[in-house]
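Just so it is clear, none of the values below were taken in a lab; they were calculated from the coordinates. Because the structure is a prediction, the values reported are computed rather than measured. Positions of Cβ are backbone-derived with ideal geometry, glycine not excepted, and every protein chain shown enters the neighbour counts.
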Amino acid sequence: MFAITDLLDIQTLSESAELEFKLAQGVDGKGKLPDDFWRTYSAMANARGGYVVLGVKEKKGRFTTEGISDVATVTKQLFDIANNKKKVNVNLLTDNSVQSVTLDNKTILVIEVPAARREQKPIYLNNQPMSEAYIRRHEGDCHCSEEQIKRMMAEQVEDSRDDKILPGFDFNDIDQDSLRAYRNLFTAAKPQHPWLEMDIFDLFKNIGGWRKDRQSGVEGLTLAGILMFGTWNAIQDAVPNYFVDYRERDEAQSDARWIDRIYPDGSWSGNIFDFYRRTYRKLITDLKVPFELQDGIRLDETRAHEAIREALVNTLVHADYTGRSSILIIKRPDLFGFRNPGLMRVPPEIAIKGGESDCRNRRMHQMFLMIGAGERAGSGIPKIMSGWKWANWRTPKLYEKTEPSEQTLLELSTVSLIPREVTELLDALFGETFHQLDDFEKMIVVTAAIEGWVNHERACQLTSKHSRDVTLTLPKLVDKGFLVSSGEKRDKSYSLPGMEPPSPEDVFANALSGVKNLTHNEPNLTHSDPSLTHSEHNLVDGNQGRDENGRFIHELLDKPFIDDLEVLSVEFREYLQDKTAPSREHRRLDTEVMKELLTDLCNGHYLSVSVMEILLGRKAQSIRQNYLKPMVDAKQLKLAFPNKPNSPKQGYTLN
């Protein structure tokens with residue numbers, strides 16, 4: 001548990017973890033466990049855990065200690081209710097989860113809510129799993145969707161999702177060419193293995209493509225068998241959401257058109273094994289790494305090759321094939337990208353350290369291991385990290401996303417760890433003092449130089465150090481003058497002095513009159529209020545700092561910013577209203593039509609969500625969740641303030 005000794009610890013904790021503040025004063029002011037604590041408990045437990053601080057008031061990043069008079073009563077209430085199955089289905093709290101701390105001569109309670117294990121989820125209240133299970137979404141407690149709950153329940157009972165027997169399928173649903181190709185690789189990898197003496201069907205059974213349930217007596221094809229070697233029609237019948245996609249681009253831009261693509265188009269089986277074979281060959285073609293020697297003999301494969309193979313296998317065996325996202329593999333001159341549907345069963349920070357594994361598709365993983373592809377449980381991600389370090393490339397990024405669907409992403413940058421121009425920049429800025437930093441401190445500063453900014457989450461991806469060590473390192477670099485900080489809590493970011501990306505505070509300083517009307521609330525996107533109204537001039541007073549159309553302009557922004565319809569010229573406002581009329585007139589507009597409309601609407605300037613809400617005649621929550629977030633993820637739109645994705649003053653423009 002993160003030890004709290006003063007308000008500074010609370011401040012640093014707010015950057016690194018889900019954190020909720022509740023007064024817990026009660027009617028008599030002596031202290032009472034807040035009723036809404038249990039929603040937060042459920043939400044944090046169903047996500048990645050977090051902390052609830054009772055007795056502290058937080059407003060705009062400032063903390064005030066109010067204290068709890070009767071800590072013993074509140075603590076007793078906490079454990080009495082936690083152990084009441086009628087209130088909450090699983091108690092995750094222990095005595096070590098609760099920390100009583102004295103700040104400013106007042107006592108507060110810090111409660112660590114651990115993330116529930118897969119076997120315990122969903123955590124729900126009042127015996128109502130379908131209606132009272134919650135999930136954490138950017139400092140808010142939201143109801144889990146029915147789809148999320150069903151997925152949690154499936155994960156709870158199925159240790160290996162690909163182990164189940166599929167009724168109605170038989171060996172005719174297996175692509176025989178795929179299976180024979182697998183046997184050839186198996187022979188090459190293990191030429192003396194006794195299974196090679198078996199006929200093709202018995203080999204298929206032994207590797208896990210067919211099994212018998214000893215309790216029920218039912219036998220048949222496993223999901224692993226169908227996914228790995230099935231025909232396209234069989235796979236579609238078994239897993240309707242299944243889709244695999246490889247795209248190669250010849251430019252670093254993420255929106256550049258692909259020059260090569262592999263996807264199920266009817267010309268090949270479409271199964272996982274054939275996709276792996278085809279894609280791996282494409283990934284390693286022209287891989288620009290030095291040759292590796294062993295005992296003076298050049299090896300055909302380097303550690304970078306092994307890292308790419310492990311990343312591909314890892315993506316395929318950890319995917320939730322019932323999810324709505326597809327398997328997507330990207331190859332660019334500067335990057336290899338891997339995406340699979342489903343969140344990680346082991347938190348990313350634990351997976352990076354290695355040693356702990358909970359593979360979602362264990363039979364498929366074993367099939368890959370038998371042909372020499374993939375690593376033993378718990379060592380895959382560390383192997384990727386070490387391979388990339390060997391090639392002197394930038395530290396890989398492993399992270400999760402929950403919108404628009406649950407997915408895990410791995411980005412392997414092929415940019416040099418410290419490019420020459422960055423070294424020259426840092427020498428010019430800091431001289432010899434930069435070289436006196438330890439390796440981790442250097443890595444943070446270099447990342448800020450290359451990527452423009454760094455936050456706590458990104459810094460954690462650069463190291464296997466504990467989150468608390470990262471939390472302490474960042475302000476230390478600020479104190480030494482290597483970084484400057486901006487933002488609050490989990491929206492806090494760090495950049496090189498004098499090279500800070502534009503922030504809303506810089507752009508709109510002394511020009512705000514109605515900030516509350518720009519507030520929104522969407523995880524990893526922008527904002528914080530599902531119901532938006534916008535009726536007053538909220539960025540500038542009068543027409544100062546505006547172009548001839550009434551759009552706000554600032555030297556830190558590369559384009560004008562539309563923050564308020566009312567201050568636009570009549571002609572330009574009518575032009576925008578005419579352009580967006582189809583959205584207001586037709587409640588059910590095709591998704592692609594709406595995206596095209598937004599692309600046109602955001603061309604040439606930044607646009608706030610509050611203005612979009614009026615022009616499109618749709619709720620801001622719907623615009624953000626259904627269109628803006630996916631379009632930003634797809635690099636079709638970009639943010640005005642990318643280092644402040646949750647800013648209430650965010651704007652969107654064409655990328």
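Computed values, structure above
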{"read-out": "Pairs beyond 21 Å (Cα-Cα), from K32/K106; K397/K476; K492/K619; K465/K635; K401/K476; K397/K649", "value": "K397/K476; K492/K619; K465/K635; K401/K476; K397/K649"}
{"read-out": "Principal-axis tilt of helix 439-451 within the chain, Cα atoms, nearest 10 degrees", "value": "80 degrees"}
{"read-out": "Neighbour cut-off at most 11 other Cβ (10 Å), DSSP loop, trypsin sites (Lys or Arg not before Pro), the stretch 10-100", "value": "K60, K85, K86"}
{"read-out": "Estimated distance in nm for a label pair at I200 and D250, the labels positioned 7 Å out from Cα along Cα-to-Cβ", "value": "3.9 nm"}
{"read-out": "Ranked list, fewest to most other Cβ atoms within 10 Å of each Cβ, for T423, T302", "value": "T423, T302"}
{"read-out": "Ranked list, fewest to most other Cβ atoms within 10 Å of each Cβ, for V88, V454", "value": "V88, V454"}
{"read-out": "Angle in degrees between helix 303-317 and the longest Cα principal axis of the chain, rounded to the nearest 10", "value": "90 degrees"}
{"read-out": "Over the stretch 7-156, relative contact order from alpha-carbon pairs under 8 Å, at least 6 apart, %", "value": "26 percent"}
{"read-out": "Distance (nanometres) between label positions extended 7 Å along Cα→Cβ at A188 and Q236", "value": "3.1 nm"}
{"read-out": "Positive-pole candidate from F169, G140, M153, dipole of the stretch 132-180, charges at beta carbon", "value": "G140"}
{"read-out": "Relative contact order computed over the chain (Cα-Cα under 8 Å; 6+ residues apart), in percent", "value": "9 percent"}
{"read-out": "Whole-Hz couplings from phi, Karplus 6.51/-1.76/1.60, listed for the stretch 264-275; x for Gly and Pro", "value": "x, 10, x, 8, 8, 5, x, 7, 5, 5, 5, 5"}
{"read-out": "Residue-count net charge about S464 - beta-carbon cut-off 9 Å; Lys, Arg +1, Asp, Glu -1", "value": "+1"}
{"read-out": "Length added when fully stretched, Q215-K579, from 0.36 nm per residue minus Cα-Cα", "value": "124.6 nm"}
{"read-out": "Sequence of W210, W268 once ranked by neighbouring C-beta atoms within 10 Å, starting from the fewest", "value": "W268, W210"}
{"read-out": "Inter-centroid distance (Cα atoms) of the stretch 237-276 relative to the stretch 576-655, Å", "value": "28 Å"}
{"read-out": "Positive-end extreme of charge dipole, the chain - chosen from N233, I200, A311 (charges on Cβ)", "value": "I200"}
{"read-out": "Contour excess over end-to-end distance, with Cα ends at E457 and R118 and 0.36 nm allotted per residue", "value": "119.7 nm"}
{"read-out": "Lysines with Cα under 24 Å of K190, excluding same-chain neighbours fewer than 8 positions away", "value": "K205, K383"}
{"read-out": "Cα centre as origin, Lys/Arg/Asp/Glu Cβ charges: the chain dipole, Debye", "value": "1240 debye"}
{"read-out": "Mean separation of Cα contacts under 8 Å (6+ apart) over length of the stretch 420-495, as relative contact order %", "value": "29 percent"}
{"read-out": "Label-point separation, R277 to R180 (7 Å along Cα→Cβ), nm", "value": "1.0 nm"}
{"read-out": "FRET efficiency estimate (nearest 0.05) - Cβ-Cβ, N96 to E548, R0 60 angstrom", "value": "0.40"}
{"read-out": "C-alpha long axis of helix 420-430 to longest principal axis of the chain, angle in °", "value": "30 degrees"}
{"read-out": "Amide H contacts under 5 Å for R211, placed H, 5+ residues apart", "value": "G220, T222"}
{"read-out": "Which of I111, G545, G604, positive extreme of dipole for the chain (C-beta unit charges)", "value": "I111"}
{"read-out": "Value at 222 nm in deg cm²/dmol, rounded to 500, when DSSP H runs of n ≥ 4 in the chain each add -39,500 (n - 2.57)", "value": "-10000 deg cm²/dmol"}
{"read-out": "For the stretch 7-156, fraction of C-alpha pairs farther apart than 24 Å, in %", "value": "31 percent"}
